[in-house]
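First comes the structure, then the notes that go with it.
The numbers here are math on the coordinates, done by the rules we state, and not lab data. Worth saying up front: this structure is predicted, and the values here are computed from it rather than measured. Glycine also receives a Cβ, built like all others from the backbone with ideal geometry; neighbour counts cover every protein chain displayed.
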Amino acid sequence: MLDRQALEYLVNLGEVKILDVDGKKFSSKELYPVRDPKPSKLIVATLTALVDYLKSNVDKKSSEKLLIHVISPDKVALYSELREDKEREIYMQCEALTPNNIRYNNFMDTESFNIMLQSSFVDNNDKTILLKVTGNVKEENVQQVGDDGVSQAVAIRTGVASVANVVVPNPVTLAPFRTFPEIKQPESKFIFRMQSGPRAALYEADGGAWRNEAMNRIKEYLQDMLVDVENIEIIS
């Protein structure tokens, strides 16, 4: 059986002491704050859902100021204002549904390349040219032309029985589906290369500048759609 002194010792083990050292306060044990409960965030796939939610004013308090953060080209979050514990609640998170068959920096057969272009890229002039080249290329060696280390030429079918050598376009300007559908997909430069087989590949060549453009477009879209909604700050 424990005596009185042993019991007091055990009780004191759980005691938290606040010490004052050179004017600074220290705790004898690490303390963890008891946080207020938070609502679970809504996960949506479009910016339209975010706009509809804010305009409906379902959960928003009249005086509360909300923060929309454009995190990336495919992710936007809606935050509450700072709470008393200096935390923010996440009311809603938008996560864009983008194609999962876009492959960069990888050679693929021309059939797969054509399917990727047709299903996951916005129609423009360079896309049409690439489809024409890769869709009609003959199965023979890809030629290197010029002395710049960039230009290539391939033999393509130009009719029922005719064949012609064409210079492969390079670089090309394309707009893959890589952000929310409500905004115009940003175009960017790509290096287009071919190998014998024939096989084709795209390499990103804009240093990721398209991401900033996409995020700015998302911010502008939300500003336009929420112009009549008060107490909302948008950052990107």
Check your understanding: Here are some pairs, Lys132/Lys189; Lys132/Lys184; Lys127/Lys219; Lys75/Lys189; which of them have Cα atoms lying more than 21 Å apart in this structure?
Key -> Lys132/Lys184; Lys127/Lys219; Lys75/Lys189
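By the scheme Lys and Arg +1, Asp and Glu -1, what is the net charge of all other residues having a beta-carbon under 15 Å from that of Ser119? Kindly include the intermediate steps, with their values, before the conclusion.
Working: positive: Arg103, Lys127, Arg178; negative: Glu111, Asp123.
Summing Lys and Arg as +1 and Asp and Glu as -1 gives +1.
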Review point. In a shell of Cβ-Cβ distance under 11 Å around Ala77, excluding Ala77 itself, what net charge do Lys and Arg (+1) and Asp and Glu (-1) give?
Key: +1
